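The values are calculated or read from the model by the stated rules, or taken from the named source; none is laboratory data. Only a predicted model underlies this, so the values are computations on that prediction, with no experimental measurement involved. Positions of Cβ are backbone-derived with ideal geometry, glycine not excepted, and every protein chain shown enters the neighbour counts. Only protein heavy atoms, including side chains, enter the accessible area calculation; ligands, DNA and RNA are left aside. Shrake-Rupley method; radii C 1.70, N 1.55, O 1.52, S 1.80 Å.
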Amino acid sequence: MSGSAFPSPVAEFLADLGNTAVAVPLLAVALVRAAWCARRAGEPRWWLPPLAAAVAMAAVPALVVPFKALIDRPGPPGPLAGETGFFPSGHAATAAVAYGAAALLLHPLLRPRLRRPLLVAVAVLNLAVAAGLVQRGYHWPLDTVASWCLSGPLLWAMLRLSRTSRMTGRAGRSPASS
């Protein structure tokens, strides 16, 4: 699109950050790192936060695909015009859950001064993915917003399980073992 905020190659790069081939391996690295650090620290349920993140990621297609089939929304003018099944955006949901879950897993491992910048960076990254998808004509803006609305509860559930795991682990330890 001429006169847009991003040149086509930049928009394509940003849209590609929502691909499973990019986002899922990054999440896998965060899963391994979080599990390794928690196990090394002796957390009793070290496996629960990474498992919750993996389940959240696996739930993305389980939520997105039925909505796409049910709503069957036509795409915007562009390379995929005339096709249907654009609402919600699978790429935006993949990016939101993969990068969001990775940030939530790594958040407690970071120095306090790096925690907020990490969360801000993930929010900006997700906005950039959405902008790239819209700019390239792969999705309407509402498609990406709907994906965030689906991703939010998944990340919230993951976070709740992770916090429950940590609180249960602390409560289950005797004062002598701390």
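General observations
- Search result, residues across segment 80-109 that are in a loop (DSSP other than H, G, I, E, B) and open to solvent by 50 Å² or more (accessible area, probe 1.4 Å): Leu80, Ala81, Gly82, Glu83
- Residues of segment 55-79 satisfying the condition of being out of contact with any helix residue (DSSP H, G or I) (no Cβ under 6 Å at 6 or more places or on another chain), open to solvent by less than 80 Å² (accessible area, probe 1.4 Å) and closer than 19 Å to Val29 by Cβ: Ala58
- Complete set of residues in segment 67-82 that are of a type in the set (A, V, I, L, M, F, W, C) and either within 18 Å of Trp148 (Cβ to Cβ) or more than 24 Å from the chain's Cα centre (by Cα) (or both): Phe67, Ile71, Leu80, Ala81
- Selection from segment 24-52 of residues that are in contact (Cβ under 8 Å) with a residue 24 or more places away in the chain, open to solvent by less than 70 Å² (accessible area, probe 1.4 Å) and part of a helix (DSSP H, G or I): Val24, Leu27, Ala30, Leu31, Ala34, Cys37, Leu48, Pro49, Pro50, Ala52
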